[in-house]
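The values are calculated or read from the model by the stated rules, or taken from the named source; none is laboratory data. None of the values given here were measured: they were computed from a predicted structure. Counting neighbours? That spans all protein chains shown, and the Cβs are built from the backbone with ideal geometry, glycine included. The area values use the complete protein model at the heavy-atom level, side chains included, leaving out ligands, DNA and RNA. Shrake-Rupley method; radii C 1.70, N 1.55, O 1.52, S 1.80 Å.
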Amino acid sequence: LALGAVVPYLVKADTESVETVGRRAGDISALATAGSIAGTFATGFLLLPLMPLPLLLGSTAAFVALLAALAAWALRGPTPPGVALGTGLLLVFLGAGGTTTPESVLHREETIYASIAVVEREWDDGRPVRELRQNGASSSAEYVDTGEPAHRYLRLSTDLLDDRAARPPASVLVLGGAALTLPVDLRTRYPGVEVDVVEIDPAVTRLAAEYFAYADHVADPALRVHHADARRFLADSERRWEMIYLDVFDHLLTVPWTMITEEALALYHDHLTPDGFVMVNLLTPLDGPGRELFARLVETARRSFPVVQGWAADPDLDPRRTQNVILVLGREGASLPRRPVIDLPASDAVLTDAHAPVEYLQARLLLRGLGW
């Protein structure tokens, strides 16, 4: 609101008569637009890669405060002492918040994809867990003493693989690597499996090698990490896998819409072996109005896969509460897990490249309350 008032205020301050107001407004608006364009490019290509986000925000606040002081001097209007004091205290607060690191945070950095932190703390079971957090959400979690997955949905995923009548898959493609907890666990459980991982951010792979169990598998020739956009990688690849595991999130709840449309699921289908299947990790309630994305994803999956089944990470949880759900999408005759399944919701809408309102649907869930 305050920044929006700058241009009309400057037009008023720079105008001496009604006859010149048009030219003054045009000049100032042109300068403001040029500044916006320059600021957009400087922030995106120079400042964000150069410094951590908290430091950038604090520096921006300090620069705006300096401009305000200069404007007050140029317009012969002294800055009220209360405003100056309040601005100073705000900058101190921003500076302290941007430079203080809690003891539980082992590492923190900003990349062009996310704000990343490596955290170590005790979970509810009393065991120390090391987490990779991206944009505030826990994308990977391992028990420090064993390196095993701490997230319940990953333990459910491997249990589902064990529940199949067939042998473990010989080749797996994991879309969304994070700290590579699942790929490492697959290599440990099933030594014969070959795992390809597509992770868009090289920084998290570097941190996985430094802080997580992947450190012992960096040189493993059967565990290959590709730094690319997942859908682009599939479109350029001619290889087929026995299992594709989709575990990608933009933020806490939001799956990138390009990964769950009808066209994307058809792409997964085309990259499976004849007896292959897809596993999808989704955060959703099982019942209630917040499951609309869940329902649309199920309906979309049925366009490409004759068999769609689901399992909840916590079957005893209130169905209106948000939790991890694992969907398994199979070809006809594929060997699927034999444990009891959950009832899947129905929808009359599908997600397509032309219309996939994922952010809108998950924003509605956020506004209603997640109900963890």
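Just a few scattered comments:
Each row is one residue, and each column tells you yes or no for (1) part of a loop (DSSP other than H, G, I, E, B); (2) touching a Ser or Thr at 6+ places or on another chain (Cβ under 6 Å); (3) surrounded by 22 or more Cβ atoms within 10 Å (Cβ to Cβ); (4) of a type in the set (F, W, Y).
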residue: D216; (1), (2), (3), (4): no, no, no, no
residue: Y245; (1), (2), (3), (4): no, no, yes, yes
residue: D250; (1), (2), (3), (4): yes, no, no, no
residue: L293; (1), (2), (3), (4): no, no, yes, no
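- Between E210, E131, E142, the distinction of being in a helix (DSSP H, G or I) and at pLDDT 95 or above belongs to E210 only.
- Test: V308 is touching a residue at least 60 places away in the same chain (Cβ under 8 Å) and either outside any loop (DSSP other than H, G, I, E, B) or open to solvent by less than 40 Å² (accessible area, probe 1.4 Å) (or both): no
- Top-ranked residue of segment 317-342 - restricted to ones that are under 21 Å from L253 (Cα atoms) and assigned to a loop (DSSP other than H, G, I, E, B), ranked as least open to solvent (accessible area, probe 1.4 Å): T322
- Failed item, numbered, when D229 is tested on (1) open to solvent by 50 Å² or more (accessible area, probe 1.4 Å); (2) within 28 Å of S335 (Cα to Cα): (2)
- Of everything in segment 187-201 that is outside any loop (DSSP other than H, G, I, E, B) and not hydroxyl-bearing (S, T, Y), the residue that is nearest to the chain's Cα centre (by Cα) is V198.
- Set side by side, the residues R164, R152, R206, R189 differ, and just one is of a type in the set (D, E, K, R), more than 20 Å from L252 (Cα to Cα) and touching a residue at least 40 places away in the same chain (Cβ under 8 Å), which is R164.
- Sole exception among (1) farther than 20 Å from E210 by Cα; (2) of a type in the set (A, V, I, L, M, F, W, C); (3) assigned to a loop (DSSP other than H, G, I, E, B); (4) open to solvent by less than 40 Å² (accessible area, probe 1.4 Å) for L160, by number: (3)
- Subset of segment 343-363 (residues that are among the polar types (S, T, N, Q) and surrounded by fewer than 20 Cβ atoms within 10 Å (Cβ to Cβ)): S347, T352
- Residue count for segment 2-15 satisfying the condition of being open to solvent by 60 Å² or more (accessible area, probe 1.4 Å) and within 14 Å of L75 (Cα to Cα): 5.
- Members of segment 172-189 that are farther than 26 Å from W257 by Cβ, in contact with a Ser or Thr (Cβ under 8 Å, 6 or more places away or on another chain) and buried (at least 18 other Cβ atoms within 10 Å of the Cβ): D185, L186
- Single residue of segment 241-294 satisfying the filter (among the acidic types (D, E), under 22 Å from L370 (Cα atoms) and out of contact with any strand residue (DSSP E or B) (no Cβ under 8 Å at 6 or more places or on another chain)) that is modelled with the lowest pLDDT: D250
- Residue among V225, V204, V184 that alone is under 29 Å from R108 (Cβ atoms) and assigned to a strand (DSSP E or B): V225
- Residue within segment 262-277 that is in contact (Cβ under 8 Å) with a residue 60 or more places away in the chain, open to solvent by 10 Å² or more (accessible area, probe 1.4 Å), within 16 Å of G176 (Cβ to Cβ) and not polar (S, T, N, Q) present: yes
- Screening segment 128-157 for residues that are more than 18 Å from V218 (Cα to Cα) and among the acidic types (D, E) and picking the one that is surrounded by the fewest Cβ atoms within 10 Å (Cβ to Cβ) gives D145.
- Cross-chain or 6+ apart pairs with Cβ under 8 Å, segment 50-65 first and open to solvent by 70 Å² or more (accessible area, probe 1.4 Å), then among the aliphatic types (A, V, I, L, M): L57/L94
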